[in-house]
Amino acid sequence: MDDLFENFRLELRRGCLVLAVLAQLRTEHYGYTLRKALANQGLAIDEGTLYPLLRRLESQGLLVSEWREEEKRNKRFYRVSPDGAAVLDRLLQEWRSLNASLGGLLKHYEPMEV
């Protein structure tokens, strides 16, 4: 049962990551500061998940990036593109609609005794 729960938990989190990353990248970040900002909001994400997601979102035109030297190291800074901002707005509308629907469905939910 724990394995099943963990699979569902990961699936639920995966569905939220694009929205979270796009929202956070309204302000420019490089990978480490993005991970830290997400973790500070309660959404920890490991490097093996984050960096492929960033590359995919950039290849889809939702992010733009540039290499810059900071603290004597080259770092890749990411931010939302205009297309990414449009997708973020639409995803946020969808999120709010789903959240309202789930809120109504679960309003009177009480855990079942097992």
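Worth pointing out:
- Hey, GLU66 within 13 Å of HIS29 (Cα to Cα) and acidic (Asp, Glu) or not: yes
- Criterion (of a type in the set (D, E, K, R), in a loop (DSSP other than H, G, I, E, B) and out of contact with any Lys or Arg (no Cβ under 9 Å at 6 or more places or on another chain)) met by exactly one of GLU94, GLU110, GLU6, GLU58: GLU110
- Contacts under 9 angstrom Cβ, first residue in the stretch 61-78 being in contact (Cβ under 8 Å) with a residue 60 or more places away in the chain and farther than 15 Å from TYR32 by Cα, partner among the β-branched types (Val, Ile, Thr) and in a strand (DSSP E or B), 6 or more apart: none
- Of the residues ALA86, ALA23, ALA37, the single one that is part of a helix (DSSP H, G or I) and in contact with a His (Cβ under 7 Å, 6 or more places away or on another chain) is ALA37.
- Residue match in the stretch 56-74 (condition: exposed (fewer than 10 other Cβ atoms within 10 Å of the Cβ) and within 13 Å of the chain's Cα centre (by Cα)): no
- Pairs with Cβ under 8 Å, 6+ apart, first in the stretch 18-37 and more than 23 Å from ARG90 (Cβ to Cβ), second assigned to a helix (DSSP H, G or I) and of a type in the set (Ser, Thr, Tyr): GLY31/TYR51
- Leading residue by the ranking (surrounded by the most Cβ atoms within 10 Å (Cβ to Cβ)) among those in the stretch 8-55 that are charged (D, E, K, R) and modelled with pLDDT under 95: ARG13
- Single condition MET112 does not satisfy, out of (1) touching a Gly at 6+ places or on another chain (Cβ under 8 Å); (2) more than 17 Å from LEU25 (Cα to Cα): (1)
- Residue match in the stretch 74-89 (condition: on the phi > 0 side of the Ramachandran plot and either out of contact with any strand residue (DSSP E or B) (no Cβ under 7 Å at 6 or more places or on another chain) or at pLDDT below 95 (or both)): no
The values are calculated or read from the model by the stated rules, or taken from the named source; none is laboratory data. Owing to the predicted nature of the structure, the values given are computational and were not obtained by experimental measurement. All Cβ positions, even for glycine, are placed from backbone atoms using ideal geometry, and neighbour counts span all protein chains on display.
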